[in-house]
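In what follows, a single structure is set out as structure tokens and then discussed.
The values are calculated or read from the model by the stated rules, or taken from the named source; none is laboratory data. Model, not experiment: these values are computed from the prediction. Heads up, the Cβs are rebuilt from the backbone with ideal geometry, glycines too, and the neighbour counts pull from every protein chain shown. Areas reflect the complete protein model, heavy atoms only, side chains present, ligands, DNA and RNA absent. Shrake-Rupley method; radii C 1.70, N 1.55, O 1.52, S 1.80 Å.
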Amino acid sequence: MTEPDLDIKTRILLAAKKLFAGQGYDGTSVRQICDEAGANVSLVSYHFGGKEKVFEALFEHFFPGQMLNELAAASMSPVEGVRRIVGQVVKFTMVDTEMSDIVQLEITLRTHRTPTVFRFLDPIWTKVRDLLQEGKDQGIFRIESVSYATLQVMGATLAHKRAKNSRFLADYQGITTEELAEQTIEFVLRGLGVTNHERND
């Protein structure tokens, strides 16, 4: 499907996603979004009600909320839960780099839009924390602090977002999304103290 074949609302959202990721929300005007989308400037208000609503619509349309919420609600063993969630988050951030850049930027800047971002992120990381607590209680995860372990899992899961700016990762470009997801999963599980036997169960 080519860009002209897309409906105007989708073209506006794709344009906003590209521009917000590249130059930030505050650095992007409604006119720039419409120019990028090939749309009349009045259509942002007509279809969305303004730029703020476009931002919210990006998460409703492009953030894999349903899939992640299903994972968050699913009944899984602690190891399987961490494995699946870490893998899906890595894949999302690698496949939709624009959306994940927007998430990272808004969290870093702590704007009044950050609560919108956390509304989509909180269920999944809350599930991770619950899985870590369950795994600790069962003696599967050898951790002292569940809160600190949650931060460590988040950091490892999102570390590749900073890789492009690191001089220590010259060989990073050759890795596939699947390979990166699997390597991250294994790194996280080893860090949690999960044995080979427990990882394979």
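Numerical summary
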| read-out | value |
| --- | --- |
| Accessible-area order (highest first, 1.4 angstrom probe) of the listed residues Lys161, Lys91 | Lys91, Lys161 |
| Relative contact order (%) - criterion: Cα under 8 Å, at least six apart; region: the chain | 21 |
| Label-point separation, Asp130 to Ile107 (7 Å along Cα→Cβ), nm | 2.0 |
| Extension gain (nm, one decimal) between Met76 and Asp26, 0.36 nm per residue minus Cα-Cα | 13.9 nm |
| Protein accessible area in region 85-155, 1.4 Å probe - carbon and sulfur % | 55 |
| Mean projected area (nm²) of the alpha-carbon convex hull when region 1-147 is viewed from all directions | 9.9 |
| Packing rank of 123-135, 73-85, where each peptide gets the mean count of other beta carbons within 10 Å, highest leading | 123-135, 73-85 |
| Under 20 Å from Lys51, Cα to Cα: lysines that are on another chain or at least 8 residues apart | Lys9, Lys17, Lys18 |
| Listed residues Thr157, Thr108 arranged by accessible area, highest first, probe 1.4 Å | Thr108, Thr157 |
| Three-way shape label, region 81-123, alpha-carbon gyration tensor, a/c 1.5 | oblate |
| Rounded accessible area per residue of region 8-60, 1.4 Å, Å² | 46 |
| Cα-Cα over 32 Å, subset of Lys53/Lys136; Lys53/Lys127; Lys127/Lys161 | Lys53/Lys136 |
| Ellipticity estimate at 222 nm from DSSP helix runs (n ≥ 4, -39,500 (n - 2.57)) divided over the chain, nearest 500 | -22000 deg cm²/dmol |
